[in-house]
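Undergrad: This is the structure I have questions about; it appears just below.
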Amino acid sequence: MKANSLFITFAFLLLTVDAFSLPRFALRSGGQCIDCHVNPTGGQMRSESGWSYGKSNLSMFRSSDEETELSPMLNENISFGFDIRTQFLAKFDSASSRSDFQNMNSSFYAGTYLSDKINLFARYDLTHGFYEGFATAHILPNNSYVKVGTFLPNYGLRVDDHTAYTRGGVFDASSGSFKGWPFAPNYSETGIEVGVYISDFAFATISSGTPAGTRFVKDPSYTASVSFTPQISDNFSLLAGGSFAQWKKGFSAPFTNINSFSGFGGFSFAGFSLLGEFAQADNMFFQDSAASALMIEASYKITKGLEATIRYDQLSPVTDNSDASVSSLILGVEFFPYSFVELRPQYRINTEKPAYDNNMFVLQFHIWY
């Protein structure tokens, strides 16, 4: 029974991985999220330039239909896209082993350009019944914008794997909730965001909203972030930034006055990228206590369409007992054989106290457009 419950727990923690942008792609190019995504803060639906990048710049092999005229545009004003992910996972422990296939997400996107300055975006995930929808008006100087609707606030590094503790974290069977920062792919707030392009390499956002559900009826949350992405040369780029978030009421009663700070940075040089984020919050999991999360990711582009990755995640502590710390070491590769197709094998080494065998092999299948 214990072995089965452990497998279900770790299977569930991987179910809602969504198609965030890969921050290292932006870091390597010295660009910003809006260069490839409809959403100025990144992730989900690609713009025409981002779609073209995925079609022509990622794949290892040239497909026979590459000369076929393809486009994400239905007409001059309406575009569409999707992300479909499934996975095979296997758990290994001293008592038993078990494997399974699982559907992770099936997200469909639609975008409408009302004018050169204003566009609409909508997303619906058929797997989880989750949606986002907002309007973005680039009416401020230097193409800066105002966003209104339901969206994921801009906080920290938006890595595409929510099991990082700086994002959604892992599922804790004892509490029935995810044990990590709340900014997972299925987290959203309804409100307003202002984004300012300070320069070609400096970007800042501030937002206020009501998280999905009825937990924050009276008190809105506040989120702010700033990032700097100077490109020193064609092969060398830097990233530095920080974020802040505040919730007057917590995610579980009676927690109140949650304040979270995050610092992140990294660099990219000649195919090697290193990214890191450290977050600390008061009252996130327990009242009158602090918790911290760490994420470090290194990647190396072996050749076109193939990258080696290693990531370390740590959450410590969530109580006064330092033994409550948990960590994960994830070894894997990302393989893009053809346009809009990705295979991601990983081996996950999980460490916690009390210790038990729960390492896993995961093979993710990703198809997008």
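The values are calculated or read from the model by the stated rules, or taken from the named source; none is laboratory data. What you see is a predicted model; the values in this text were computed from it and never measured. So basically every Cβ, Gly included, is an ideal-geometry build from the backbone, and we count neighbours across all protein chains shown.
Undergrad: Which condition from (1) β-branched (V, I, T); (2) modelled with pLDDT of 95 or more; (3) over 25 Å from F130 (Cβ atoms); (4) under 20 Å from the mean Cα position of the chain (by Cα) is the one that T229 breaks?
TA: Here T229 meets the rest and fails (2).
Undergrad: Report those strands (runs of 3 or more DSSP E) wholly inside segment 40-143 carrying at least 1 residues which are out of contact with any strand residue (DSSP E or B) (no Cβ under 7 Å at 6 or more places or on another chain).
TA: Numbers: elements: 78-92, 97-113, 118-125, 130-137.
It comes to 130-137.
Undergrad: Any chance you could count how many residues in segment 143-155 are at pLDDT below 95 and at positive phi?
TA: Number of matching residues: 1.
Undergrad: Please enumerate the residues belonging to segment 97-126 that are of a type outside the set (A, V, I, L, M), under 21 Å from the mean Cα position of the chain (by Cα) and modelled with pLDDT of 90 or more. Before the answer, list the steps.
TA: Going residue by residue through segment 97-126, those that are of a type outside the set (A, V, I, L, M) are 97-103, 105-109, 111-113, 115-117, 119, 121, 123-125.
Adding the requirement that they be under 21 Å from the mean Cα position of the chain (by Cα) leaves 102-103, 105-109, 111, 121, 123-125.
Selection gives S106, S107, F108, Y109, G111, F121, R123, Y124, D125.
Undergrad: Scan segment 324-347 for residues that are in a strand (DSSP E or B), among the hydrophobic types (A, V, I, L, M, F, W, C) and touching a Leu at 6+ places or on another chain (Cβ under 8 Å) and jot them down.
TA: Those that are in a strand (DSSP E or B), among the hydrophobic types (A, V, I, L, M, F, W, C) and touching a Leu at 6+ places or on another chain (Cβ under 8 Å): V326, V333, F335, L343.
Undergrad: Right, another one. Kindly indicate whether V159 is crowded, with 17+ Cβ neighbours inside 10 Å, modelled with pLDDT under 90, assigned to a loop (DSSP other than H, G, I, E, B) and among the β-branched types (V, I, T).
TA: Working: crowded, with 17+ Cβ neighbours inside 10 Å: yes; modelled with pLDDT under 90: yes; assigned to a loop (DSSP other than H, G, I, E, B): yes; among the β-branched types (V, I, T): yes.
Spelling it out, V159 is indeed crowded, with 17+ Cβ neighbours inside 10 Å, modelled with pLDDT under 90, assigned to a loop (DSSP other than H, G, I, E, B) and among the β-branched types (V, I, T).
Undergrad: Select from segment 272-314 the residues that are outside any strand (DSSP E or B) and surrounded by fewer than 18 Cβ atoms within 10 Å (Cβ to Cβ) and list them in ascending order. Please lay out each step first, then the result.
TA: Filtering segment 272-314 for residues outside any strand (DSSP E or B) gives 283-289, 304-305.
Scanning segment 272-314 gives F286, Q287, D288, S289, K304.
Undergrad: While we're here: Among the residues of segment 290-348, which ones are among the polar types (S, T, N, Q) and in contact (Cβ under 8 Å) with a residue 12 or more places away in the chain? Write out each step before concluding.
TA: Of all residues in segment 290-348, those among the polar types (S, T, N, Q) come to 292, 299, 303, 309, 314, 316, 319, 321-322, 325, 327-328, 339, 346.
Answer for segment 290-348, where residues must be among the polar types (S, T, N, Q) and in contact (Cβ under 8 Å) with a residue 12 or more places away in the chain: S292, S299, T303, T309, Q314, S316, T319, S325, S327, S328, S339, Q346.
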